[in-house]
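Below is one structure; the comments refer to it alone.
The values are calculated or read from the model by the stated rules, or taken from the named source; none is laboratory data. Keep in mind that this is a model prediction, so the values were computed, not measured. As a convention, Cβ positions derive from the backbone with ideal geometry for all residues, glycine included, and neighbour counts pool all protein chains shown. These accessible areas exclude ligands, DNA and RNA; they are computed on the full protein's heavy atoms, side chains included. Shrake-Rupley method; radii C 1.70, N 1.55, O 1.52, S 1.80 Å.
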Amino acid sequence: MVLRQPDLGAAEVIVGLSLGHRTLRAADHWLTEQVTGLGADLVACTHLVAEPYPHVALSVAGPAAERLAELADTPPELRVAAARAAGEHAARRSGRAVCYPGADRMVGTLTVAELLAAGAIERVVALGGTPVAPDMPVHTRDFVRPQWQAGELVLVTMPHHAGGLAPFEVPDPTPCCAAH
């Protein structure tokens with residue numbers, strides 16, 4: 001599924017793909033592998049979809065996004081999921097950004113102001129009503145996955161045990177119902 005966004009300029013293309021990835025990790029890996037070399041201005045996202053079965057669909061936006069559509073063909077049974085991912089990305093309603101401008105600079109500990117200045121993330125929010133100030137440290141754990149929310153790329157954080165904040169999503173989560 002390829003969408004062209006005339007209001008964003010002739011060069012803006014959004015591609016939706018659905019290749020049946022069962023996990024975010026598998027989708028992240030595929031995206032980072034495929035978008036390397038396509039340009040630093042791409043925004044590549046994952047989308048959890050339920051139809052025709054639970055899996056992770058993908059969306060990629062940017063001038064070179066159409067080249068990605070040439071690399072992988074969405075099977076017919078997953079085209080609705082691909083179209084949904086492209087539409088959500090185009091509307092900037094949902095999508096978890098894996099690759100985005102400045103993602104390579106989201107390492108170590110940055111202040112909120114440094115994080116916002118370093119790339120495409122537009123806002124930082126904290127769970128539980130924790131106030132967010134520009135000088136607060138964000139312990140990135142070298143894993144920062146902002147999400148589209150109401151037209152903005154937003155990083156959801158939580159309080160960190162060493163003070164400051166950390167992204168809500170952790171790099172290596174314990175799977176649900178894992179053996180203890």
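Some values worked out for this structure:
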| read-out | value |
| --- | --- |
| Share of alpha-carbon pairs per 10 Å distance bin for the stretch 26-151, given as whole % | 12, 41, 32, 13, 2 |
| Residue-by-residue Karplus 3J(HN,Hα) for the stretch 53-62, coefficients 6.51, -1.76, 1.60, Hz, glycine and proline x | 7, x, 6, 10, 8, 10, 9, 9, 10, x |
| Environment charge of Ala85, counting only residues whose C-beta is closer than 12 Å and scoring Lys/Arg +1, Asp/Glu -1 | +2 |
| Spin-label pair Arg22/Val125, simplified geometry with 7 Å Cα→Cβ offset, distance in nm | 3.3 |
| Counted charge near Val154, where neighbours are those whose Cβ lies closer than 15 Å (Asp, Glu -1; Lys, Arg +1) | +1 |
| Virtual spin-label span in nm between Ala50 and Ala91, 7 Å along Cα→Cβ | 1.6 |
| Thr157 long-range amide H proximity, modeled H, under 5 Å | Val125, Ala126, Leu127, Phe168 |
| Amide H partners (placed H, <5 Å) of Val138, local residues excluded | Leu110, Thr111, Val112, Leu165 |
| The stretch 59-180, accessible surface, carbon-and-sulfur percent (1.4 angstrom probe) | 57 |
| For the stretch 28-180, accessible area per residue (1.4 Å probe, heavy atoms of protein chains only), Å² | 50 |
| Extension gain from Val107 to Glu33, taking 0.36 nm per residue of separation minus the Cα-Cα distance | 24.7 nm |
| C-alpha long axis of helix 24-35 to longest principal axis of the chain, angle in ° | 70 |
| Degrees separating the helix 79-91 axis from the principal Cα axis of the chain, which is the longest one | 50 |
| Expected 222 nm ellipticity per residue - DSSP helices of 4 or more, -39500 (n - 2.57), all of the chain, to 500 | -6000 deg cm²/dmol |
| Whole-Hz couplings from phi, Karplus 6.51/-1.76/1.60, listed for the stretch 136-143; x for Gly and Pro | 5, x, 10, 7, 6, 6, 6, 8 |
| Distance histogram for the stretch 80-180 (every C-alpha pair counted, 10 angstrom bins, percent rounded to whole numbers) | 15, 44, 29, 11, 0 |
